[in-house]
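Heads up: the structure comes next, in structure tokens.
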Amino acid sequence: MVGEEKEGDLWKNRRFVSLFWAHAISLIGTAIGTSAIALLAEKLSEGSGPRVLGYTLTIRIVVFLFLGPLAGSLSERLGRKFQMILTDVIRALVMVMLFFVSEEWHLYVLAFVLHLSSAFFTPIYKSVIPGIVGEKLYPRALSYSTVAYNVSDIFGMLLGGLLIFYFGFEFGFGVDAASFILSAILIAVVPFSSTGRKKEKQRTNVLFGIRRMFAVPQLRRSLMLSLQVSIVGGLAIVTTAGYVKNELQMQEAFYPIAMAVMGIGAMLASLYYVRCDSGAQKIWSILILPAFLVILTAAALFKFYAVLLLAWLISGAGQGVFGIISNNLLALNSNETERPHIYAAQFALSHAGWGLSYPLCGVLASVYSFAAASWACLGLMLLTMLPMISRKS
């Protein structure tokens, strides 16, 4: 099936290549900008940077969850291409305005606009790709998107650290703004099919995507996979830094190494997965959930950095593969007209899982321990298995 497709076919598709680099460049800029925003938060409220960042993260989840579903309906009015370009430009303007932030509330307002623009960009970008590359090459395109995300995150954080060290954190805002402008230019040169505004009287209801996500079994499965990813991913994002520094008593430099290992796991697994035949892919999909249970148990029981690295490597691999399966289910169970709504709904609903795992892991790790947060995530993961068990019984 997918494994029989030639890799070169994908890279000969100029529309995919332009969109791929548009996304990758903006991701690198975002990683650099994220580092700069963290330092800006500390500058605005010295000693309370984590609190300020926590509020901006809460804004992100709320925006994605409650306003994300509007992305599909908006694209019917604006057109998908124009919407993506517009949101890139708005995000570039936000990064420029961060130069002039002097109060906490300034940051919160700009964070709202920034995350709203991302909520209106990301699902539309994802919904465009299946129609451009075709059904057979879509899983491979997803694997490269996973690689782009992880490489951009690691490389962007490293580059951001160097740029901020030499030029100051404000320089990161300028680089991020430039990346969004370049992304907009690359998207502008891509010809899109005009499904957006042809039939003004047949616009889809705002809640269409959400209803479809719960009505179609395979779309519900996609949502469940996203929930499982948010549990293990949320644990790693929220607790790793404190666990390494406070419980393992290791230097802060070991924290980014652990996170990089998770990114490497996602990259390698996603690239390998799309080269497997359908039988091997089925085995992968069956083994990932038990692997999540094992690593959560091991991380809770064994307080060693080597165990953490192995756990995060497997966690990243599972997240990468589940991401491909989840997005592929969205594409296979929707048509070109429905996809903006389906992807927007999945984007919003999947962040409900992150909205649960972020505060839960943060509170348990801060008040009790990393192990307590790991056991809680293990319990949540077991709960996600109940629908599967009840369906088979």
- Query: Picking from SER285, SER334, which residue would you name as being small (Gly, Ala, Ser), surrounded by 14 or more Cβ atoms within 10 Å (Cβ to Cβ), outside any helix (DSSP H, G or I) and not assigned by TED's automatic domain parsing to the domain that holds PRO139?
  - Reply: SER334
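Would you point out the residue of segment 270-280, among those that are in contact (Cβ under 8 Å) with a residue 12 or more places away in the chain and not acidic (Asp, Glu), that is surrounded by the fewest Cβ atoms within 10 Å (Cβ to Cβ)? Full working, then the answer.
Filtering segment 270-280 for residues in contact (Cβ under 8 Å) with a residue 12 or more places away in the chain gives 270-271, 273-278.
Applying the additional criterion that residues be not acidic (Asp, Glu) yields 270-271, 273-276, 278.
Working: SER270: 27, LEU271: 15, TYR273: 25, VAL274: 25, ARG275: 16, CYS276: 16, SER278: 9.
If we take residues in segment 270-280 being in contact (Cβ under 8 Å) with a residue 12 or more places away in the chain and not acidic (Asp, Glu), then SER278 is surrounded by the fewest Cβ atoms within 10 Å (Cβ to Cβ).
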- Query: (1) buried (at least 24 other Cβ atoms within 10 Å of the Cβ); (2) among the aliphatic types (A, V, I, L, M); (3) modelled with pLDDT under 90; (4) over 17 Å from ASN327 (Cα atoms): which one isn't true of ALA119, the others all being true?
  - Reply: (4)
- Task: Specify which of the listed residues (LEU382, LEU364) is more than 21 Å from the chain's Cα centre (by Cα), free of Cβ contacts under 8 Å to residues at least 24 places away in the same chain and either over 21 Å from LEU219 (Cβ atoms) or in a helix (DSSP H, G or I) (or both).
- Result: LEU364
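Residues checked against (1) aromatic (Phe, Trp, Tyr); (2) closer than 20 Å to PHE64 by Cβ:
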position: GLU104; (1), (2): no, no
position: VAL109; (1), (2): no, yes
position: PHE112; (1), (2): yes, yes
position: HIS115; (1), (2): no, yes
position: THR122; (1), (2): no, yes
position: LYS126; (1), (2): no, yes
position: GLY134; (1), (2): no, no
position: LEU137; (1), (2): no, no
position: ALA141; (1), (2): no, no
- Task: Please work out which residue is farthest from the chain's Cα centre (by Cα), limiting yourself to segment 207-248 and to residues that are modelled with pLDDT under 80 and closer than 18 Å to LEU380 by Cβ.
- Result: VAL238
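Residue by residue, here is whether (1) under 25 Å from the mean Cα position of the chain (by Cα); (2) part of a helix (DSSP H, G or I); (3) at pLDDT 70 or above holds:
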position: LEU158; (1), (2), (3): yes, yes, no
position: VAL175; (1), (2), (3): yes, yes, yes
position: ALA178; (1), (2), (3): yes, yes, yes
position: LEU182; (1), (2), (3): yes, yes, yes
position: ASN205; (1), (2), (3): no, no, no
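On the basis of being closer than 17 Å to LEU225 by Cβ, part of a helix (DSSP H, G or I), within 23 Å of the chain's Cα centre (by Cα) and not hydroxyl-bearing (Ser, Thr, Tyr), does ALA348 make the cut?
Working: closer than 17 Å to LEU225 by Cβ: yes; part of a helix (DSSP H, G or I): yes; within 23 Å of the chain's Cα centre (by Cα): yes; not hydroxyl-bearing (Ser, Thr, Tyr): yes.
Yes: the conditions hold for ALA348.
Going by the conditions given, is GLY265 assigned to a helix (DSSP H, G or I), of a type outside the set (S, T, N, Q) and at pLDDT 85 or above? Before the answer, list the steps.
On the way: assigned to a helix (DSSP H, G or I): yes; of a type outside the set (S, T, N, Q): yes; at pLDDT 85 or above: yes.
Yes.
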- Item | Residue in segment 301-313 that is closer than 23 Å to ILE124 by Cα, crowded, with 22+ Cβ neighbours inside 10 Å and either among the basic types (Lys, Arg) or touching a residue at least 40 places away in the same chain (Cβ under 8 Å) (or both) present | no
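The values are calculated or read from the model by the stated rules, or taken from the named source; none is laboratory data. Predicted model, so just to flag it, every value in this text is computed and none were measured. We place every Cβ from the backbone using ideal geometry, glycine too, and count neighbours over all the protein chains shown.
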